[in-house]
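Written out below as structure tokens is the structure these notes cover.
The values are calculated or read from the model by the stated rules, or taken from the named source; none is laboratory data. None of these values were measured; they are calculated from a predicted model. Because the Cβ atoms are built from the backbone with ideal geometry, glycine has one as well, and the counts that use them run over all protein chains shown. Quick note on the areas: whole protein, heavy atoms, side chains included, nothing else; ligands and nucleic acids left out. Shrake-Rupley method; radii C 1.70, N 1.55, O 1.52, S 1.80 Å.
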Amino acid sequence: MVEVNSINDYPLTTNRIRVEVNMERFFSSYSIISYYSLNKEFKNLAYEQLADVVCLSVTGIRARWDDLRYPAVRFFILVEKGRVMEVKNSLRIYDKIRFKEDDLSDYDDSLRKRIIASLAINSLGKVRNGKMMYNDGSLLLCDDRNFLVSKSRKELVCLKIEVNEYMNLTAKTATFSNPKNIGQLRKYGNCVFQVSKDIYGQWWSGLSVKPIVIRNLKDSDLNIEDLYIKKKILPDKRNIVPYWPYKPEDYIHGKLFALSQVVESVNDKYRGVLEIDFENFDLMHFDQYKPEKDMLASLKEYFDGKNISFEDPFGTKESGELIVEMQNEFIQVVGDILRFPKKRVNDDMLIKLVEPIGEQIDMTHYTQSHYRKAHNATALQHKVFDKGMANKISKAEARRILIELMVKDCLINRSLPPKLGDLLKEWEFIRYKINRGNVIGASLSIAKDNVINIKDFGFPESSESDILCDFESFVNEKLHYANFEKIRGARDYMAMKKNGNVFLIIDTDEIPMLDVSLIDDGYVEIAKGENPLAFFKRKRVARKYLRGYVGFHLWHTEGLDGEPNASYSYIAGINNDSIQLDKSHKMDKMPRARRIFVLHKEHPEQIENQIMEIADMLKFGFGRWNELMTYPFPFKFLLEYLDDAAEIAFSKHWSEITYK
């Protein structure tokens, strides 16, 4: 456990960056040229893929420019003072490229700082005599240990460093591999890469990766072992760069130390002109709630006396044994309170055995299940049965199946248990996507006696669906927000309403940033034998080393329109007891912050209480076991409902409904 009394001793630090620029000094040493293209061929190509004049860096910024309705990429080129005309002349050969020398005065302060910070960061990977960078100018970093990815994978794993629209410094994984042959290499044109400039620093050392032009090179001059294309060899996600590998020999080979080094290197290079630092925040609330006991009690109460039937289309001895094992594991979870009838009646919950996804067979059992979803009121859960493998079920999987069945059965019966329903009174929850300019999604609210009301948006031939409504009308009428373009995008949006106040939860790619200086000193003590590796999570020091990673954090942040302290951010961190801090483990991912924007307020005096109600809705075990949920639990119910609705209407999962 983290010592709660020490919360205010160490502020929460995230990857949101604060940028301070001496504009007079900056523009006395440097100039910026901006350009955009009217030609699709060059729309997403950075300057260094268009012209030969050496520059300091390039960045492509996606934003809403001038009076454009939709976001677009505009490029900015950083050059030494006095070299503007050379760059302009090199762009004149392109008829459909529009460019100008840009003092950034046309943009708001946040966008100005984002452009300058991006140019400074991208310049770290620029080879003075080299020519190319990544397609939008972004800095690509690779590690001398390949970020600890197994050598057998034969992939080059990099971090693509960017400053996003919320001023968060992000590091997303980009995977490269050697081309199989020259023919495959030629197909990639401008997207061929090679390892380039060394980057050395106090916290991390590695290399940048840059694109090269192979168009004019002969086949005999190309060595495919030294060249890379942006292509994964294996389809899985095991090459994710860890945030913090715990092993003493490996601890710097992750996102934490690489991102910290980027900030320090920028500050060293532009000292006296530009300074970047990670933002600190004072918390308005912190707790370490563990939902395990309450969730188990809820499961036992819900399933007491309920029937669960099984459907076994395989009819083998092994499939029958798997069903018996499931029944035994369910009893281990909730006790001997369930009934498993041999002959199913209509209102029984149903578990059906199905083949592994992707297996090539004439008739998939999934198809039949989807048909029943459309025609029967059945809480249905699949369980994969692989005829060629040993089929086992763990207690954790049995627990997860029961949780999923509970959610589905609540939706079928349109009723919530009192403990859940009472918390949602007077609230409305809306989950939606934008598709072809219209809104598709659903809303959920609770009526008398905890009856669930669900209304669709945009599903054809649905008895519970509104007619198609365009996005602008939806935002105006349902969310009461005028600047609808600010919340238009390819997201799975989640909105909440109560007493005239409207909230929108957005994932902004904001994560906690631990203190590399403190961690580095901690490893010095470990090397001296003064502390074991696990000391980082001891109660008296856990806040010092793990702030942001452990527990629930809530703080004020700026609003959607830039107003100070007008929104709220939260991190649903993990429980200290869940941390396995030893040489064989690593911190793979940091929990991401979610920002709650206040879109509309009719009762501003109620907002902080409503924010705390939203926080209480995270304290249920419908997500990771014994951990807080990432989003309020009603959105789990809406996701399940929308997944079925999308399957019935479009033969697609909700996750496959994309922005168009």
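Consider Ser118 against the criteria (1) under 22 Å from Phe27 (Cα atoms); (2) hydroxyl-bearing (Ser, Thr, Tyr); (3) at pLDDT below 95: it satisfies all of them except one. Which criterion is unmet? With (1) under 22 Å from Phe27 (Cα atoms); (2) hydroxyl-bearing (Ser, Thr, Tyr); (3) at pLDDT below 95 applied to Ser118, the lone miss is (3). For the range 246-300, a residue qualifies if it is closer than 25 Å to Asp521 by Cα and assigned to a loop (DSSP other than H, G, I, E, B), and the qualifying residues are Tyr246, Lys247, Pro248, Glu249, Asp250, Tyr251, Ile252, His253, Gly254, Asp282. Considering the range 134-167, and only residues there that are part of a loop (DSSP other than H, G, I, E, B) and of a type in the set (Ser, Thr, Tyr), the residue that is modelled with the lowest pLDDT turns out to be Tyr134. Cβ-Cβ distances below 7 Å connect the following pairs, each with a first residue in the range 52-66 that is surrounded by 15 or more Cβ atoms within 10 Å (Cβ to Cβ), a second residue that is polar (S, T, N, Q) and outside any loop (DSSP other than H, G, I, E, B), and a separation of six or more residues or different chains: Val53/Ser90; Leu56/Ser123; Ser57/Asn122; Ser57/Ser123; Val58/Asn122; Thr59/Ser118; Thr59/Asn122; Ile61/Ser118. If you go through the range 425-445 one residue at a time, do you hit one that is in a helix (DSSP H, G or I) and without any contact (Cβ under 8 Å) to a residue 40 or more places away in the chain? The answer is no; no qualifying residue exists. Looking only at the range 289-325, residues that are closer than 30 Å to Ala615 by Cα, touching a residue at least 60 places away in the same chain (Cβ under 8 Å) and open to solvent by 50 Å² or more (accessible area, probe 1.4 Å) come to 5 in all. Any residue at all in the range 598-606 that's assigned to a helix (DSSP H, G or I), open to solvent by less than 60 Å² (accessible area, probe 1.4 Å), of a type outside the set (Ser, Thr, Tyr) and at pLDDT 95 or above? Checked against the condition, which is being assigned to a helix (DSSP H, G or I), open to solvent by less than 60 Å² (accessible area, probe 1.4 Å), of a type outside the set (Ser, Thr, Tyr) and at pLDDT 95 or above, the range 598-606 yields at least one hit. For the range 329-358, the candidate set comprises residues that are in a helix (DSSP H, G or I) and touching a helix residue (DSSP H, G or I) at 6+ places or on another chain (Cβ under 7 Å); within that set, the residue that is surrounded by the fewest Cβ atoms within 10 Å (Cβ to Cβ) is Gln332. When we screen Lys269, Lys300 for residues that are charged (D, E, K, R) and within 30 Å of Met167 (Cβ to Cβ), the only hit is Lys269. Taking Ala46, is it surrounded by fewer than 20 Cβ atoms within 10 Å (Cβ to Cβ) and among the small types (Gly, Ala, Ser)? Taking the combined requirement at face value, the residue does not satisfy it. Only one entry in Gly458, Gly388, Gly437 is buried (at least 21 other Cβ atoms within 10 Å of the Cβ) and farther than 19 Å from Ile614 by Cβ, namely Gly458.
With respect to being in a loop (DSSP other than H, G, I, E, B) and open to solvent by 70 Å² or more (accessible area, probe 1.4 Å), Ile233 fits the description.
Scanning the range 607-626 for residues that are in contact with a Lys or Arg (Cβ under 8 Å, 6 or more places away or on another chain) and within 23 Å of Leu405 (Cα to Cα), we see that the one that is least open to solvent (accessible area, probe 1.4 Å) is Phe622. If you check Tyr641, Tyr631 for being open to solvent by 10 Å² or more (accessible area, probe 1.4 Å), in contact (Cβ under 8 Å) with a residue 24 or more places away in the chain, in a helix (DSSP H, G or I) and not aliphatic (A, V, I, L, M), only one passes: Tyr641. Inside the range 559-571, residues that are in a strand (DSSP E or B) and open to solvent by less than 10 Å² (accessible area, probe 1.4 Å) make up a count of 4.
When the range 504-558 is filtered for residues that are closer than 24 Å to Phe620 by Cβ, open to solvent by 10 Å² or more (accessible area, probe 1.4 Å) and in a loop (DSSP other than H, G, I, E, B), the ones remaining, listed by number, are Ile511, Tyr549. Listed by first and then second residue, the pairs with beta-carbon distance under 7 Å, at least 6 apart or on different chains, first residue in the range 549-576 and farther than 30 Å from Ile519 by Cα and among the hydroxyl-bearing types (Ser, Thr, Tyr), second part of a strand (DSSP E or B) and open to solvent by 20 Å² or more (accessible area, probe 1.4 Å), are Ser567/Val598. Total residues in the range 168-223 satisfying the condition of being modelled with pLDDT of 80 or more, part of a strand (DSSP E or B) and charged (D, E, K, R): the figure is 1.
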